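The values are calculated or read from the model by the stated rules, or taken from the named source; none is laboratory data. Please read all numbers here as calculations on a predicted model, not as lab measurements. Every residue, glycine as well, gets a Cβ built from its backbone with ideal geometry; the counts of neighbours run over all protein chains shown. What goes into the accessible areas is simple: the full protein's heavy atoms, side chains included, and nothing from ligands, DNA or RNA. Shrake-Rupley method; radii C 1.70, N 1.55, O 1.52, S 1.80 Å.
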Amino acid sequence: MSGPERVGGPERVGGREAVRLFLALELPDEARSALCSWREPALSGSPALRPVASEDLHATLCFLGSRRAEEIHPILEACAGLAPRPAPALALGRPLWLPRQRPRVLAVSLEDASGALAAVQSELSERMAAGGWYTPERRPYLAHVSVARLRAGGAAARGVPETPRLGFTAPRVTLYRSHLSAAGARYEALGAVELGAGAREVTAPS
């Protein structure tokens, strides 16, 4: 498959307009609220950090990059096979600066004691690779949530406070479209699969 190209404006793949896609685990309201409250002192101590909007807090599972619009439906169909898997029971972990060598993002790791999230990500990676939509990464999956991004020229702050201890269940895997602009990325939910549903069902946003 040919790579993305720009022809007079919109990004294109194989001569057709492309959409930028990724799959992510949605976080429940209580987890997003806890992360937003926790990061306030971290942001006040580092003006170089730009917060990620509360509704955009998620754990990326597979970044699919630029795909043709007609691939959206088969991607969602492939995701439907995840429905019988149990919803991961997770907990907020420690703060991280990513990538480690030249940090650009303040993130919080997710503790996955049962390995359920790792199993979901592994199967999803295999399904996306089988469809030709994704090349699995060689490094182990690191479950995390990006909570703030460093502005250009900014430096990672020291003394980031410890995260709150919070456990939660996250049952929804969502396919997002990323709309890029000078103001930053805007995420549009295209469909989701409910883990633990026991049926091959995909829901589309209303």
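Values as computed for the structure displayed
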read-out	value
Neighbours by Cβ (under 8 Å, 6+ apart or cross-chain): first from the stretch 94-120, within 12 Å of Val160 (Cβ to Cβ) and open to solvent by 50 Å² or more (accessible area, probe 1.4 Å); second charged (D, E, K, R) and modelled with pLDDT under 95	Arg94/Glu162
Number of the condition not met by Arg32 [criteria: (1) charged (D, E, K, R); (2) modelled with pLDDT of 95 or more; (3) farther than 24 Å from His179 by Cα]	(3)
All strands (runs of 3 or more DSSP E) inside the stretch 93-181 with 2 or more residues being more than 18 Å from Leu23 (Cα to Cα)	105-111, 144-150, 167-169
Of residues in the stretch 44-65 being at pLDDT below 95 and part of a strand (DSSP E or B), the one most open to solvent (accessible area, probe 1.4 Å)	Arg50
Odd one out for Ile75 among (1) modelled with pLDDT of 95 or more; (2) open to solvent by less than 20 Å² (accessible area, probe 1.4 Å); (3) outside any helix (DSSP H, G or I); (4) not basic (Lys, Arg)	(3)
The stretch 37-52 residues that are over 22 Å from Arg186 (Cα atoms), paired with ones that are among the hydroxyl-bearing types (Ser, Thr, Tyr) (beta carbon under 9 Å, 6 or more apart)	Trp38/Thr163
